[in-house]
Amino acid sequence: MASLIQTLAVAEYLNFRHAATALGVSLSSVSARVKTLEEDLGVLLFERHARGVRLTEAGRLFVKRVAAGVDQLDHAVKMAGMAASGECGRLRIGVHALIPHSFVAELIERYREDYSGIEVEITESRARDAVMQLRTGRLDIVFVAGTPELPDCHSRRIWSEPLVAVLPDRHQLADRSAVTWADLAGETFLVRYGGTGPQVHDHIVLRLAGRWPASSIHRFDVERGTLLSMVGQGFGITIVGAATSFLTTSGVVFLPIADEPEPVPFSAVWSPSNRSATLRNLLALANKMGRSI
């Protein structure tokens, strides 16, 4: 490689001494390396004369190709360095939802601002499906409700949200500032199959166990926005994390649940074998921004 660099310098200055000075090496070193390269190639690259040198036709073609190769190598080295520091590359993120102004949305927005060279891919799915994709290498990190303990994955609590009840705005409880679980006994609950639907279903069952009148829970294979619209149309009620209240939905009210013991935690989950700087930078930023809504 040194021989090629010195040959390019001689081709640029058309003078061995000037090339040696520019490179900060001895004249004899440049002369010897260029001569050795010519001997190895079996081709005369330079014609020497009293005032310097000039490229032969073979030398001109050789230098042209070598210069292009060196530029590509230099670019490759720079790109490798950027990838190693997390300044370029790809990051695949699994989420249960991407709600404007929510923690995850703000995290991704900030990350894309700080690391504009990273291609960010978003996949929305149920927590179980997202973790499966993580395990098969199709995702780099997933954000899920709760604090899962997975033997083959790392996880870290990042933020939390209080639960809120979503009721039709004409519901008899709609004008209250908050509700309790006892107030919600006997209601018809709507939950999704996807997203955090399974966790919501289990949480409702847990909180209303033994309460009377008994409640019913209906599952639907719909998107979050559709479920909220169904609440607004009087199909039933649901519970969501507080970030969902950022969505503009007509016909519903979001009410805090006064006797819900603590906010719902949300965690980041990733593979211990994933040592990419892009992932490391996202986790560092998530820790920095971590908060409760």
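The values are calculated or read from the model by the stated rules, or taken from the named source; none is laboratory data. Remember, it's a predicted structure, so these values are computed and weren't measured experimentally. With ideal geometry, Cβ positions are generated from the backbone for all residues, glycine too; neighbour counts draw on all protein chains shown. Accessible surface areas use protein heavy atoms only, side chains included; no ligands, DNA or RNA. Shrake-Rupley method; radii C 1.70, N 1.55, O 1.52, S 1.80 Å.
Return one quarter of the surface area of the convex hull spanned by the alpha-carbon atoms of region 174-293, equal to its mean projected area, in nm².
Projected over every direction and averaged, the Cα hull of region 174-293 covers 9.4 nm².
So what's the angle, to the nearest 10 degrees on a 0 to 90 scale, between helix 57-84 and the longest Cα principal axis of the chain?
With rounding to tens, the tilt is 30 degrees.
Below 8 Å, C-alpha to C-alpha, sequence gap of six or more: please give me the relative contact order for the chain in percent.
Value for the chain: 22 percent.
For the chain, with only Lys/Arg (+1) and Asp/Glu (-1) charged at the beta-carbon, what is the dipole magnitude about the Cα centre, in debye rounded to 20?
900
Mind checking region 20-63 for GluC sites (Glu not before Pro) that DSSP puts in a loop (not H, G, I, E or B) and that have at most 10 other Cβ atoms within 10 Å?
Answer by residue number: there is no such site.
Compute the acute angle (0 to 90°) between the alpha-carbon long axis of helix 27-41 and the principal axis of greatest extent of the alpha-carbon atoms of the chain; round to the nearest 10°.
Taking the Cα atoms of the chain, the angle to 27-41 is about 80 degrees.
Probe of 1.4 angstrom, ligands and nucleic acids ignored: what's the accessible area per residue over the chain, in square angstrom?
Normalised by residue count, the accessible surface of the chain is 53 Å².
Angle, helix 197-208 long axis vs. longest principal axis of the chain, Cα atoms, 0 to 90°, nearest 10?
Rounded to the nearest ten degrees, it is 30.
Just to be sure I follow the definition: excluding the sites themselves, where is the longest run in the chain that has none of the trypsin sites (Lys or Arg not before Pro) in a DSSP loop with at most 13 other Cβ atoms within 10 Å?
Within the chain, the longest run free of exposed trypsin sites (Lys or Arg not before Pro) spans 52-137.
Along the principal axes of its C-alpha atoms, what lengths does the chain span, in descending order and rounded to whole Å?
105, 39, 30
How much of the accessible area of the chain, probe 1.4 Å, is carbon plus sulfur, in whole percent?
For the chain, the apolar C and S fraction of the accessible surface comes to 52 percent.
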